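**Student:** My questions all concern the structure below.
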Amino acid sequence: MLLLLLGTALRLVDIGRLPAGLYHDEAQNGLDALAVLEGQLQLYFPANNGREPIFIYLVAASIACLGRSPFATRLPSAFVGILTLAATFDLGRTLWNRRAGRWALAVLAVTLWHIHLSRVSFRSVLLPFFMALYLAQGARALRSGKWRFWLAAGVFYGASWYTYMAARFTPIALAVLALHGLLCYPQKMRLHWRGAVLAALAALIVLLPLGLYTLRSPEVV
């Protein structure tokens with residue numbers, strides 16, 4: 001709890017004033033959030049080189065509650081950053097033990113770049129959060145074999161593609177993990193192939209709307 005409070009303070013205190021002013025990416029997110037509040041709902045936002053939707057809808061909700069201000073525009077980043085601290089502890093605990101989870105939380109709580117991304121209105125802060133979620137659920141699925149964990153891992157992974165464009169490179173990392181499992185733990189991998197298929201199907205279903213949009217408007221995405 002002390003580590004979470006420390007991380008929360010570093011991400012939330014005076015967030016409307018520091019850093020000073022709004023970077024143009026933050027301003028564009030705010031403008032698109034205002035358009036959402038006016039009823040212009042979009043699956044993908046083409047302005048500013050194109051952006052995935054989840055973060056802009058979070059900014060829209062914040063502005064709807066708090067009004068137009070740097071504080072309202074940045075507050076979703078702080079909340080996501082704080083939730084990422086908890087998700088990182090959960091991931092470390094799931095992969096190894098509670099001590100590892102505490103160390104992971106301690107490191108992330110004071111890491112400069114994550115603090116910075118939690119204090120500006122950039123959608124990239126969402127990707128580490130979703131990665132921690134789907135990796136933790138995947139680890140639980142491998143250990144327990146329970147289908148609900150496979151399903152959750154697939155849903156969170158599919159949703160991560162609606163956060164930030166770097167999600168497009170995660171299949172490479174997952175392929176490396178799968179290859180490592182096949183080479184080092186072939187019997188266990190064969191045991192869980194049905195669960196992996198379920199996770200993949202869940203991810204594809206979540207990804208389907210964005211995939212169809214990409215096929216129809218590749219020049220935008």
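The values are calculated or read from the model by the stated rules, or taken from the named source; none is laboratory data. The shown structure was predicted, so the numbers you read here are calculated from the model rather than taken from an experiment. Please note: Cβ atoms are built from the backbone with ideal geometry, for glycine as well, and neighbour counts cover all protein chains shown. Side chains are part of the model used for accessible areas, which takes the heavy atoms of the whole protein and leaves out ligands, DNA and RNA. Shrake-Rupley method; radii C 1.70, N 1.55, O 1.52, S 1.80 Å.
**Student:** Using each residue's phi in the stretch 133-150, evaluate 6.51 cos²θ - 1.76 cosθ + 1.60 at θ = phi - 60° and report the 3J(HN,Hα) Karplus result to the nearest Hz, with x for Gly and Pro.
**Tutor:** 5, 6, 5, 5, 5, x, 5, 5, 5, 5, 7, 9, x, 6, 5, 5, 6, 4
**Student:** Accessible area of the stretch 1-158 with a 1.4 Å probe: how many percent of it is carbon plus sulfur?
**Tutor:** Numbers: 5470 of 7820 Å².
Ligands and nucleic acids excluded, carbon and sulfur reach 70 percent.
**Student:** For the stretch 30-71, just say rounded, prolate or oblate: build the C-alpha gyration tensor, square-root its eigenvalues into a ≥ b ≥ c, call rounded for a/c under 1.5, and beyond that prolate if a/b exceeds b/c, oblate if not. Please report the intermediate quantities before stating the final value.
**Tutor:** Details: a/c = 2.02, a/b = 1.65, b/c = 1.22.
Here the stretch 30-71 falls in the prolate category.
**Student:** Express the relative contact order of the stretch 63-120 as a whole percentage, based on alpha carbon pairs under 8 Å and six or more residues apart in sequence.
**Tutor:** Details: 47 pairs, mean separation 21.2, N = 58.
About 37 percent, as a whole number.
**Student:** Just the number please: accessible area per residue for the stretch 73-221, 1.4 Å probe, all protein chains included, in Å².
**Tutor:** Details: 8240 Å² over 149 residues.
About 55 Å² of surface per residue is accessible.
**Student:** Separate question: For Ser144, Ser121, what's the largest-to-smallest order of accessible area, 1.4 Å probe?
**Tutor:** Working: Ser144 55, Ser121 0 Å².
Order by accessible area, largest first: Ser144, Ser121.
**Student:** Starting from the Kirkwood radius over alpha-carbon pairs of the stretch 84-221, derive D by Stokes-Einstein at 25 °C in a medium of 0.890 mPa s and give it in µm² s⁻¹. List each step's numbers first, then the result.
**Tutor:** Working: Rh = 16.1 Å.
For these conditions, the coefficient is 152 µm²/s.
**Student:** Now, a different point. Measure nothing but the geometry: give the 0 to 90° angle between the long axis through the Cα atoms of 170-184 and the longest principal axis through the Cα atoms of the chain, rounded to 10°.
**Tutor:** It is inclined by approximately 20 degrees.
**Student:** Another question, then. Computed FRET efficiency, Cβ-Cβ of Arg17 and Leu83, R0 22 Å: what is it to the nearest 0.05? Write down the numbers at each step before the final one.
**Tutor:** On the way: r = 23 Å, r/R0 = 1.04.
Calculated transfer efficiency: 0.45.
**Student:** Note down the magnitude of the dipole of the chain about its Cα centre, charges +1 on Lys and Arg C-beta and -1 on Asp and Glu C-beta and zero elsewhere, to the nearest 20 debye. Write out the running numbers ahead of the final one.
**Tutor:** Numbers: 20 positive and 8 negative charges, 217 e Å.
The calculation lands at about 1040 debye.
**Student:** Quick one: if you take sqrt(5λ) for each eigenvalue of the C-alpha gyration tensor of the stretch 135-191, what semi-axes come out, biggest first, whole angstrom? Walk me through the intermediate numbers first.
**Tutor:** Values: eigenvalues 93, 51, 8 Å².
Working from the Cα gyration tensor, I get semi-axes of 22, 16, 6 Å.
**Student:** Something else: Under the rule of -39500 (n - 2.57) per DSSP H run of 4 or more residues, summed and divided by the residues of the chain, what mean residue ellipticity at 222 nm is obtained, to the nearest 500 deg cm²/dmol? Working shown, then result.
**Tutor:** Details: 11 runs with 160 residues, N = 221.
The per-residue figure over the chain is -23500 deg cm²/dmol.
**Student:** Residues with amide H under 5 Å of Arg51's amide H, sequence separation 5 or more or different chain, H placed in the peptide plane at 1.01 Å from N; which?
**Tutor:** Phe45
**Student:** I need the phi-derived Karplus couplings for the stretch 40-48: 6.51 cos²θ - 1.76 cosθ + 1.60, θ = phi - 60°, integer Hz, Gly and Pro marked x.
**Tutor:** 8, 7, 9, 7, 9, 9, x, 5, 6
**Student:** So what is the diffusion coefficient of the stretch 10-135 in µm² per second by Stokes-Einstein at 4 °C and 1.567 mPa s, using a Kirkwood Rh over Cα pairs?
**Tutor:** Once the numbers are plugged in, D ends up at 86 µm²/s.
**Student:** What is the spin-label model distance, in nm, from Leu183 to His116 if the labels are put 7 Å beyond Cα along the C-beta direction?
**Tutor:** 3.4
**Student:** Give a residue-ordered list of calculated ³J(HN,Hα) values for the stretch 208-221 (Karplus: 6.51 cos²θ - 1.76 cosθ + 1.60, θ = phi - 60°; whole Hz; x for Gly, Pro).
**Tutor:** 3, x, 5, x, 5, 4, 5, 5, 7, 9, x, 5, 7, 7
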